[in-house]
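Here the structure is laid out as structure tokens; the discussion comes afterwards.
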Amino acid sequence: MTRPTNSAARRAADIRARPRRGWRRVTAWLGLNPAARRADAQAALWELGAAGETATAGLLAPLTGQGWTVRHDRRLPGRRFNLDHVLVAPDGTVIVLDTKTWHRGRPTRLVGGRVCCGVQDRHEQVEKLVGYAAAVEAALGPGVAVLPLLVVHGSPVDGGELAVWVAGRVEPVFVMGSARLVPRLVGGVLVRDPRRAVRVAAAVDGVLLPYV
């Protein structure tokens, strides 16, 4: 298993550093740098996301002893998005897993078929994940199924998990709380095909590069 490089944490550090370069470091220390205050607020969101990705990586770590391949912080060449986690199941299925850390005091639920955290509509984030999975599937070529999956930290998910329908997709996308993640992954493997899993994992490593 590759260790998480946590690009979100690096992004947070860069955001904090930018308005503090040169003499602006002194004004930030004195509390006279509004740009630094804004950057700190933005960086805090990235750091929250980084903590969620690290927590997800910890949940996934035991799977590597059960025939799973687990990769973190991957990218498709020529594309700007990064993939938090990419898994190859023991049957050769590829899973693109996105980690979100949403407000602990607001439930994640379906409202009119759309994913919402409290009153905030988050459905677009599920739609983006579907697009990422489709791009990976196209890059890997025929015969490899790529499934999108989203895990939420912080916010309680109604019923533990949601089956979410996204336009253009014939199967639902599962959005779940962290406690459901590993049982959902393990329970989805009905057969084991170690040779195929090794071949698919090699293809994934050939197509997806570390996000640096």
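The values are calculated or read from the model by the stated rules, or taken from the named source; none is laboratory data. None of the values given here were measured: they were computed from a predicted structure. Remember, those area values only see protein heavy atoms, side chains included, never the ligands or the DNA or RNA. Shrake-Rupley method; radii C 1.70, N 1.55, O 1.52, S 1.80 Å.
Structure values in brief
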item: Volume of the Cα convex hull of the range 114-165, divided per residue and given in Å³; result: 89
item: Accessible surface of Trp102 - all protein chains present, 1.4 Å probe, nearest 10 Å²; result: 20
item: 4 °C / 1.567 mPa s Stokes-Einstein diffusion coefficient of the range 104-212, Kirkwood radius on C-alpha pairs, µm²/s; result: 84
item: For Val157, residues with placed amide H under 5 Å, excluding near neighbours; result: Thr108, Gly177
item: Euclidean distance between Cα centres, the range 130-150 to the range 82-117, Å; result: 15
item: The range 38-176: relative contact order as a whole-number percent, Cα under 8 Å and 6+ apart; result: 20
